[in-house]
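Before any comments, here is the structure.
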Amino acid sequence: MTRILLHRADGKTDAWVKDFARCMPDAEVEIWRAGEPVAPYDYAVVWSPPEAMLADLAKVKAIFLTGAGADGLLKFGDALPPNVPIIRLGDAGMGVQMAEYVAHAVLRYFRRFDEYEAQARAGQWLPLPQHPKEDFSIGVLGMGVLGTRVLEALAPFGFPLRGWSRTEKTLPGVQCYHGADGLDTFLRGSRVLVCMLPLTPDTSNLVDRSNMSKLPAGAYLINVARGAHVAEPDLLTLIKSGHIAAATLDVFRNEPLPSQHPFWQEPRITITPHISALTLRRESVQQIVEKIGRLNKGEAVDGVVDRTQGY
């Protein structure tokens with residue numbers, strides 16, 4: 001029998017237990033609760049676990065994350081059990097959601113629907129000239145599984161596509177850049193910057209005044225990664241100056257976004273409540289169960305987090 005220790009920061013575990021029972025009926029799933037003794041378990045399935053859980057995580061064979069990002073666990077640094085592999089989800093239904101969100105935001109700016117919405121509220125009828133598509137380049141910052149899915153979804157629209165990654169990658173129809181040397185050139189040619197990076201010490205505050213100023217005048221920002229990638233005061237300054245025409249933000253340093261935050265009062269910033277790609281529970285459980293099956297057979301699995309890289 002495989003024994004699984006489960007923790008959800010939101011406390012919503014019942015449906016996860018039922019899905020594990022459906023996909024892996026011979027498994028035993030236990031909910032982790034602070035202060036209660038924990039028997040030996042084979043695997044842990046967690047999302048944003050508390051520090052108090054780290055001692056119990058040291059006793060399992062592997063830790064599965066119910067999301068694509070690892071920053072909610074890697075923030076504990078050296079306190080994490082050093083020899084227990086951490087395994088993040090692959091796509092699990094998030095890629096298509098992310099592609100829908102980003103494509104909608106890109107097309108909204110390209111077709112100037114944000115400006116037409118403002119005109120409609122003001123009772124104005126004023127056709128605007130279209131943006132030349134050849135000048136409306138889309139730069140995706142981060143070419144992992146989700147970033148690649150977004151670029152593939154944008155390809156049929158005919159925009160010039162650019163991608164940046166830490167290491168060299170290639171993708172048909174995409175002008176690819178990599179490393180520190182390629183970042184400046186990537187930014188200077190991206191009319192729309194889409195942030196899809198994992199959050200690591202190297203990427204925190206990467207979208208700051210210096211880097212956003214390298215974007216063409218009148219650029220747009222779409223952030224669906226983590227709020228800590230963007231230096232928020234710098235973004236406000238560049239929006240007020242007009243260098244950044246508008247931004248669509250789904251993630252923030254503090255969530256929920258505080259009611260007094262100045263983003264709420266800036267009409268050129270579109271805010272959504274971290275919904276660009278929601279975890280699809282059944283697809284996620286099925287993926288975790290399949291990986292547990294391979295691990296139980298001594299086989300390798302994908303999605304193992306490289307702690308030195310942060311993803």
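The values are calculated or read from the model by the stated rules, or taken from the named source; none is laboratory data. Computed from a predicted model, the values in this text were never measured in an experiment. Neighbour counts run over all protein chains shown; Cβ positions are idealised from the backbone, glycine included.
Under 8 Å by Cβ, and 6 or more places apart or on different chains, what pairs join a residue from the range 28-39 that is free of Cβ contacts under 8 Å to residues at least 60 places away in the same chain and under 15 Å from ASP10 (Cβ atoms) with one that is in a loop (DSSP other than H, G, I, E, B) and aliphatic (A, V, I, L, M)? From the range 28-39, the pairs are TRP32/VAL38.
Flag set for THR270, criterion: at pLDDT 95 or above and crowded, with 16+ Cβ neighbours inside 10 Å.
For the range 191-288, the strands (runs of 3 or more DSSP E) that sit wholly inside it and include 2 or more residues that are touching a residue at least 24 places away in the same chain (Cβ under 8 Å) and not polar (S, T, N, Q) are 192-195, 219-223, 244-249. Looking only at the range 101-111, decide whether some residue is assigned to a loop (DSSP other than H, G, I, E, B), in contact (Cβ under 8 Å) with a residue 12 or more places away in the chain, crowded, with 18+ Cβ neighbours inside 10 Å and under 20 Å from the mean Cα position of the chain (by Cα). No - not one qualifying residue is present in the range 101-111. Scanning the range 289-307 for residues that are in contact (Cβ under 8 Å) with a residue 24 or more places away in the chain and not in a helix (DSSP H, G or I) yields VAL301, ASP302, GLY303, VAL304, VAL305, ARG307.
Surrounded by fewer than 17 Cβ atoms within 10 Å (Cβ to Cβ) and either modelled with pLDDT of 95 or more or among the hydroxyl-bearing types (Ser, Thr, Tyr) (or both) - does that describe any residue in the range 139-146? No: zero hits.
Of the strands (runs of 3 or more DSSP E) contained entirely in the range 1-94, not one carries at least 3 residues that are loosely packed, with under 14 Cβ neighbours inside 10 Å, in the same structural domain as VAL285 (by TED's automatic domain parsing) and among the aromatic types (Phe, Trp, Tyr). Exactly one residue out of GLN97, GLN124 is surrounded by fewer than 16 Cβ atoms within 10 Å (Cβ to Cβ) and either out of contact with any Gly (no Cβ under 7 Å at 6 or more places or on another chain) or in the same structural domain as GLY218 (by TED's automatic domain parsing) (or both): that is GLN124. Cβ-Cβ contacts under 8 Å between residues 6 or more apart (or on different chains), taken from a first residue in the range 172-190 that is at pLDDT 95 or above to a second residue that is assigned to a helix (DSSP H, G or I) and of a type in the set (S, T, N, Q), are listed as TYR177/THR185; LEU183/ASN211; LEU187/ASN211.
Among the criteria (1) free of Cβ contacts under 8 Å to residues at least 40 places away in the same chain; (2) closer than 27 Å to ASN296 by Cα, the one ALA92 does not fulfil is (1).
Restricting LEU206, LEU193 to those that are within 21 Å of GLY227 (Cα to Cα) and surrounded by 23 or more Cβ atoms within 10 Å (Cβ to Cβ) reduces the list to LEU193. Evaluation of GLN309 against the conditions (1) closer than 27 Å to SER190 by Cβ; (2) over 17 Å from the mean Cα position of the chain (by Cα) shows that the sole unmet condition is (2). For the range 209-226, filtering for residues that are over 17 Å from PHE136 (Cα atoms), surrounded by 17 or more Cβ atoms within 10 Å (Cβ to Cβ) and touching an Asp or Glu at 6+ places or on another chain (Cβ under 7 Å) leaves 3.
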